[in-house]
Amino acid sequence: MFHKDEDYAAFERILGEAREMNQVELFAYQLMPNHYHLVIRPLVDGEMSRFKGWVGTHTMRYHAHYHTGGTRHVYQQRYKSFPIQDDNHFHVVCRYVERNALRAGLVESAEQWRSLRRWRNRKDSEPRLLSRWPLARPPKWVTRVNQALSEKEIEAVRRSAQRGAPLGDEGWVESIA
């Protein structure tokens with residue numbers, strides 16, 4: 001999906017356009033060479049589909065740029081989403097997303113990659129890409145992101161992403177599932 005720095009920057013511009021056109025909040029994201037993660041909250045019914053539809057224009061732009069139209073898929077799977085129960089689970093998901101490049105060995109510290117670097121440097125071009133979080137980041141957020149998540153946390157996020165299942169305590173998950 002991303003072969004050079006300009007590919008990443010172009011996708012970030014698409015995210016910015018989607019944020020401008022739709023009522024969604026983007027709290028964290030991670031662009032990896034072969035996939036991406038977004039932590040978003042739609043503010044109006046139907047907005048997530050419209051937002052993702054615009055983000056999907058990346059496929060057409062990619063094929064036009066690389067002259068690959070009709071020869072291969074850019075995305076292997078449909079996007080997956082899941083609701084998050086509360087603040088603690090929200091922090092786990094954001095840590096998972098923001099440390100993805102570190103976990104993959106692309107950087108030596110999480111803040112060297114896109115989303116966390118953008119937040120840490122407070123460098124946000126127009127249109128504004130990252131939304132204000134619905135709660136304060138915990139103290140020493142960058143340090144926490146650089147610390148490994150537990151296997152239980154990783155498995156819970158991956159299970160929710162793969163199945164589209166809610167992320168939260170067992171009783172809450174059962175009540176909304």
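No value in this document is a laboratory result; all are computed from the given coordinates. Computed from a predicted model, the values in this text were never measured in an experiment. Glycine also receives a Cβ, built like all others from the backbone with ideal geometry; neighbour counts cover every protein chain displayed.
Remarks
- Neighbour-count order for 130, 116, fewest beta carbons within 10 angstrom listed first: 130, 116
- For residue 84, residues with placed amide H under 5 Å, excluding near neighbours: 167
- All aspartates and glutamates inside 18 Å of residue 4 as judged from Cα atoms, apart from same-chain residues fewer than 8 positions distant: 12
- Packing-based exposure ordering (other Cβ within 10 Å, fewest first) of 96, 8: 8, 96
- Aspartates and glutamates whose Cα lies under 18 Å from that of residue 152, excluding same-chain neighbours fewer than 8 positions away: 86, 87, 98, 169, 170
- Amide hydrogen neighbours beyond the local backbone of residue 32, cut-off 5 Å, H modeled: 37
- Additional length obtainable on full extension of the chain from residue 80 to residue 142, 0.36 nm per residue less Cα span: 19.7 nm
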